[in-house]
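K.L.:
This is the structure I want to talk about, given as structure tokens.
Each value in this text was obtained by applying a stated rule to the coordinates, not by laboratory testing. Everything numeric in this text was worked out from a predicted model, so none of it was measured. Every residue, glycine among them, receives a Cβ derived from its backbone with ideal geometry; neighbour counts consider all protein chains shown.
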């Protein structure tokens, strides 16, 4: 139960940071399949908003699982790990970011669903 | 930088960041590394006592423990039984052995004998710690399996399944690293803490000025450019700083707060007339008076029944310890305390407690404790975070990883000082050479010393008197040797040799563990002993990382060749040494 929540926090912060990095000019180029093509400013602004919101959203399962004071500490810890992971991916394997992104989105969706089901059942 | 000329804010801050980080940087690195390891102090101490590795975990011989205590400590005013848990699989008994004192109403605090004014060095912490090391206590090694780590407290370690008494080797354990973290070693009591306090202040200055100097926290957030010399070092320094910035800030500030009583004594002087014990009680709050004994004898109720009842009520929440006040008296009380905390705000007293009448076994109401004031809450949050007391495994690992990030931040910063100034200089100035030597000895040398400390733990005969002290001596001998080595060798060879040495020492720890009586890594994984497996896996990872670093240093070839001409240019433009401000503004090539 707690492990699913931990995974969900990690996944949400990973997606959040991935979206944030994709909103930046420099990194959008790295991620893009066609080297000359960069996503339009509108899309990048959308990614920026989504990224910030997902990072904030990750605070919810943290507080729900650990209580407010420990939850915030745990959230900050996961933020650091995810940011490091994304920065390393961008530096060494930028093309891996898309598949990682896809896997994390799917699995976090499942984790979120599982948590909701667990929370409903007494 | 010239001080007689006007300069920009950023340049001033850059200067401040550079020098506040450098001057005590090596000490800060040692404080950070030992502090990071201290998050796992119990686990490290357990690893260092291979005699305990094979305790059986099926079953809990609590009745046997109760029998032993009734035999050995019938007259003791207090027992503490530490139950096996995620952080220590043995069953620990402790009892106060001093002659029963005339009991005043508030003699016993709820945490047992902790309100003794030894604010930072508490040996028994919320039922979590099981300290076995006392450097000044000569009797500890002679007393066989009943060691007393604090005057007045006697301890016994049991196999949790059978209730047999276990004899473990005397070891400095993780407690040495823990105490080194805030008071160094071998200094007069106050001095070590003063030095650490001053270093912490430098750290705080470096962090705040670093944030100001960093031009593009958001724009360069994910940027790590590899293979670009000092630019890459700056990126690595930035990344390790920024990603865990909240951690660095809080851990540094709360570290100052923990030493605040020492650094700013006037608060205690003015508000409490110098009574530091009263001050600590007021800060911590929540000392519940224990009812005085009646003097009538009455048999203690069965503790196992209370444990089973509590397990049911708490719905599986792990129980950390059982405290019995006035065992054998008609007014005996029993308190069961949860292993983990639910919140940081209440401080150490915030763990759930269930209290029973010690004779009838009926539950008692907990005496009302005033909720912590705002000041107390702030203190509690900071202190609890700093010590990682609260933590179940996941938060603890997060703290540990953030600590590793902090250590990397300091190490990259120190190396960068040298690299940013190394440009085409044929003969190093004395200062530059000194920084290079201290970098090798302070970073790689410290890791060698820690590795040697663990090796000494296994290679020094288990029955040698004062062997805990010898483990510490080996630590400092290894560190001194690395200093001398760094002085004698050229910079690059010194780095390679010391990194290889540290990496090999640490990566081989799992093998040493298996060969010297410990539970081997495959065995501990198979049996699910993650406490031991975690240590071995971490040793492999850290050792491997150091060997990889050595490999990278070996492959490194400087981009520019040092020539006479280049060094002439450099001496001409002596004043414009590259510094952070300049580096930050340079556009990437």
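K.L.:
How much length is gained on full extension from residue B:492 to residue B:296, taking 0.36 nm per residue of separation minus their Cα-Cα distance?
P.N.:
63.1 nm
K.L.:
Using the Kirkwood radius over C-alpha pairs as Rh, can you work out the diffusion coefficient of the range B:456-548 via Stokes-Einstein at 4 °C, viscosity 1.567 mPa s, in µm² per second?
P.N.:
Numbers: Rh = 14.8 Å.
Estimated diffusion coefficient is 87 µm²/s.
K.L.:
Given a Förster radius of 41 Å and the C-beta distance between residue B:218 and residue B:167 as r, what FRET efficiency does 1/(1 + (r/R0)^6) yield to the nearest 0.05?
P.N.:
Values: r = 58 Å, r/R0 = 1.41.
The value I calculate is 0.10.
K.L.:
In nm, what is the difference between 0.36 nm times the number of residues separating residue B:555 and residue B:271 and their Cα-Cα distance?
P.N.:
Net length gain for the segment: 96.1 nm.
K.L.:
Moving on to the next point. Quantify how strongly other chains surround peptide B:218-230 by giving the mean number of their Cβ atoms within 10 Å of each of its Cβ atoms.
P.N.:
4
K.L.:
Just subtract the alpha-carbon distance of residue B:483 and residue B:6 from 0.36 nm times their residue separation and send over the number in nm, one decimal.
P.N.:
167.7 nm
K.L.:
Here's another thing I want to ask about it. Assuming R0 = 45 Å, can you tell me the calculated FRET efficiency for the pair residue A:88 and residue B:195, based on Cβ-Cβ distance, to the nearest 0.05?
P.N.:
E between residue A:88 and residue B:195, to the nearest 0.05, is 0.80.
K.L.:
I want to check the label-to-label distance for residue B:51 and residue B:419. Put each point 7 Å from Cα in the C-beta direction and report it in nm to one decimal.
P.N.:
4.8 nm
K.L.:
To the nearest 10 degrees, how steeply does helix A:41-57 sit against the main Cα axis of chain A, on a 0 to 90 scale?
P.N.:
20 degrees
K.L.:
Bin by bin, in steps of 5 Å, what percent of the Cα pairs in the range B:291-415 do you find, going until the bin that has the longest distance?
P.N.:
Bin by bin from 0 Å, the calculated values are 2, 10, 15, 15, 14, 13, 11, 8, 4, 3, 2, 2, 1, 0.
K.L.:
Of the residues A:14, A:89, A:79, which exhibits the maximal mean-square fluctuation in a Gaussian network model of chain A defined by a 10 Å Cα contact cut-off?
P.N.:
Greatest mean-square fluctuation among the candidates belongs to A:89.
K.L.:
Also, quick follow-up: Post the alpha-carbon centroid distance, the range B:176-251 to the range B:25-101, in whole angstrom.
P.N.:
Each part's Cα centre sits 33 Å from the other's.
K.L.:
Restricting to Cα pairs below 8 Å that are 6+ residues apart, what does the relative contact order work out to for chain A? Please round to a whole percent.
P.N.:
39 percent.
K.L.:
State, to one decimal in nm, how far the label point of residue B:308 lies from the label point of residue B:374, with both points 7 Å from Cα in the Cβ direction.
P.N.:
4.9 nm
K.L.:
Based on the mean of other Cβ atoms within 10 Å per residue, sort peptides B:394-401, B:29-36 so the most packed one is first. Write down the numbers at each step before the final one.
P.N.:
Values: B:394-401: 20.6, B:29-36: 23.4.
Highest to lowest by the protection proxy: B:29-36, B:394-401.
K.L.:
Another question, then. Compute the distribution of all C-alpha to C-alpha distances in chain A, in bins of 10 Å from 0, and list the percent of pairs in each, rounded to whole numbers.
P.N.:
14, 42, 30, 12, 2, 0
K.L.:
Between residue A:110 and residue A:48, what is the spin-label point distance in nm, taking each point 7 Å from the Cα along the Cα→C-beta axis?
P.N.:
Calculated label separation equals 3.5 nm.
K.L.:
Same structure again: Please report, largest first and rounded to whole Å, the three semi-axes of the ellipsoid equivalent to the range B:154-218, where each semi-axis is the square root of five times an eigenvalue of the C-alpha gyration tensor. Each step should come with its number before you reach the end.
P.N.:
Values: eigenvalues 356, 74, 11 Å².
Over the Cα atoms of the range B:154-218, the semi-axes work out to 42, 19, 8 Å.
K.L.:
Now a separate question. What FRET efficiency, computed as 1/(1 + (r/R0)^6) with R0 = 60 Å and r the Cβ-Cβ distance, is obtained for residue A:96 and residue B:330, rounded to the nearest 0.05?
P.N.:
0.30
K.L.:
Can you sort B:302, B:357 by how many other beta carbons sit within 10 Å, fewest first?
P.N.:
Working: B:302 13, B:357 16.
Lowest to highest Cβ neighbour count: B:302, B:357.
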